[in-house]
Amino acid sequence: MDICKRRLMKELSTAEKGLPSGLTLVSANDLTSWYIDITVDSNSLYQGQIYRLMFMYSPNYPMKVPNVQFVPDENRPIPIHPHIYANGHICLDILGDGWTPVQNTVSVCLSIQSMLAGNHTNERPPDNDSYVRSAPKYAQDSRFIYHDDSV
Amino acid sequence: MKVRIKEWNAVSIWHWNVSEDEVCGICRVHFDGTCPSCKYPGDDCPIIIGKCNHSFHMHCLLKWLELETSRGLCPMCRQPFQTLGEDEVITT
């Protein structure tokens, strides 16, 4: 069996035993895409709100980065953050150039959770409107420029 | 009492010289098991140790390093991956 399936099956069996606090596995029906709900109660900006992340794995996972973005739903808005676009795309180095195969689904969730927990700016990225207008469907197809590591 | 040994069977076990509960960070399989492409553990599917002291199944690491996106970096610490020379391996 290939590395992608084996890795995901291991990750899934671990996830089914329980995820870190604030994370809930919603579905992982076929191994190619997972949905995970995420909460960040330590930050008043996001308290009491549930957000939904979508993970899409290519057959080259974990050598290639998975596509990870927020997906909206009636009760699941896109969190307001200077690195998160209104279409759910996330500008985060480990989801682009900073990816390495030792990262995994849970470690990515924890990075996103801490990125939200540490934010105090209730704003979208400065180029939100122009980006959302021309953005590809999947965040992975965007070339983000990481211009600000302070947030 | 004298005992004459007619025959004996030696049994041995082996494991890589890394801590036993360690898994390869790339495939998440124990070092004493194989990478996902191999059938037989041991010399057929060796581990590789970097100067940064991070270890992986050699086959897993090579798959990563042959990608342009790896930029030759160790997946753990993102320093340029350099193999630890054989004479530098610390044995216990």
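Quick one: angle between helix A:105-117 and the longest Cα principal axis of chain A, in degrees between 0 and 90, rounded to 10, please. Result, in degrees: 20. In chain B, helical runs assigned H by DSSP with n ≥ 4 each contribute -39500 (n - 2.57); averaged across all residues and rounded to the nearest 500, the mean residue ellipticity at 222 nm is -2500 deg cm²/dmol.
Taking Cα centre as origin and charging only the Cβ of basic (Lys, Arg, +1) and acidic (Asp, Glu, -1) residues, the dipole magnitude of region A:14-73 rounds to 180 debye. Listed from fewest to most Cβ neighbours within 10 Å, the set B:60, B:45 follows the order B:45, B:60.
Bear in mind that the values in this text are calculations on the coordinates, not laboratory data. This is a predicted model, so every value here is computed, not measured. So basically every Cβ, Gly included, is an ideal-geometry build from the backbone, and we count neighbours across all protein chains shown.
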